[in-house]
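The values are calculated or read from the model by the stated rules, or taken from the named source; none is laboratory data. Just so it is clear, the structure is predicted and the values come from calculations on it, not from any experiment. FYI the Cβ positions are ideal-geometry reconstructions off the backbone, even for glycines, and counts take in every protein chain you see.
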Amino acid sequence: MTRYAPRLLATVSALAAALTFFSTSTVAAEEKVLNLYSARHYQTDEALYNNFTQQTGIKINRIEGKEEELLERIRNEGANSPADILLTVDAARLAVAHDLGLFAPVKSTILEARIPAHLRTDDWFSFSTRARVLVVSKRAIKPGEVSSYADLAKPALKGKVCSRSGAHPYNLSLLASIIAHQGEAKAEEWARGVVANFARAPKGGDTDQIKSVAAGECDVAISNSYYVARLMRSTKPADRKVVERISVVWPDQQGVGTHINVSGGGVLKHAPHKEAALKFLEYLASDEAQRYFADGNNEWPVVASVKVSNPALDALGKFKADTLEVGKLADYRVKAQMIFDRAGFR
């Protein structure tokens, strides 16, 4: 051994120690950061994220945008994407992210125990639910006259139905559920019947449909439950008048139950902070986070034991929900669009 060997060995040892230190420090630093891409933007989410940081020490860097923009951004970023988590709404949009290969499979005993099986898949999870309800005119529709989605296609409602575009994910998911329960032929028959009953061509959002019913432009419309709840909780005189003129029907209470959709998210395939990402998803399934997540948009928690205090939802009452697997909604969304296109539901 040369006289330089001890010095060389010492140098190598020091370098190894330094590399170990920096490697450990890098991992530790990674675990303290979470990059979140979110299509949610509610005031209550600020408390949601702050509480997670306080509990874990993990800082959340957030980018908000529309669903399509975020999906395109993640896809373009590819393996270099800094995004760890994608949060968005509607099973159809979550399915698009899955189909693009953006999500990573997740195994978590906490998520499996907390979130019902029909509200999760192998790579994305639901954290709140909303219902697709029927809004009817108190003036024109008698109680019990409309009680199911099937009623929207009956000749008795000719010229009386309002809806947003058939291309919108909310309606695509509804039709996907009908396909799953009744088959494609029945679903197309229903879609054509609804088109025949339109009071006007589809336009606007769900709130516009509710206001059209209140204004007498149509007698029946389809809407997500939280749009109704927003109007019910509004202090604006115009909104109060709208609420006074409508009633809400929970469809298919004698059948499979009212169609349910979700808000949810998953860990992204190229997430640089996967451990932090999993901790965040598990946090979203906690009692505290479930209340914040649901209250942000007048929705219901997915964890059955968690209760929220929402006067509008309480006023709407209890209902039987369809327990169709959310993955089925994803499976049939493309067929749903094809059926709507053939039926002229645009």
Exercise. Could you list, in sequence order, the residues of region 293-346 that are under 30 Å from Val194 (Cα atoms) and of a type in the set (S, T, N, Q)?
Worked result: Asn297, Asn298, Thr323, Gln337
Exercise. Any residue at all in region 187-210 that is within 25 Å of the chain's Cα centre (by Cα), hydroxyl-bearing (Ser, Thr, Tyr), at pLDDT 95 or above and crowded, with 22+ Cβ neighbours inside 10 Å?
Worked result: no
Problem set entry | Meets criteria (touching a residue at least 12 places away in the same chain (Cβ under 8 Å), on the phi < 0 side of the Ramachandran plot and part of a loop (DSSP other than H, G, I, E, B)) for Ala140 | yes
Exercise. Does Ala191 meet the test of being in a helix (DSSP H, G or I) and more than 25 Å from Glu68 (Cα to Cα)?
Worked result: yes
Problem set entry | Count of residues meeting criterion [outside any strand (DSSP E or B) and not aromatic (Phe, Trp, Tyr)] in region 230-268 | 24
For this session: Collect the residues in region 152-208 that are out of contact with any Phe, Trp or Tyr (no Cβ under 9 Å at 6 or more places or on another chain), closer than 19 Å to Val135 by Cβ and hydrophobic (A, V, I, L, M, F, W, C), keeping them in residue-number order.
Result: Ala156, Leu157, Ala199, Ala201
Exercise. Taking Asn51 and the conditions (1) more than 20 Å from the chain's Cα centre (by Cα); (2) at positive phi; (3) surrounded by 14 or more Cβ atoms within 10 Å (Cβ to Cβ), which numbered condition does it fall short on, given that it satisfies the others?
Worked result: (2)
Exercise. Would a scan of region 161-175 turn up a residue that is modelled with pLDDT of 95 or more, of a type in the set (D, E, K, R) and over 19 Å from Arg333 (Cβ atoms)?
Worked result: no
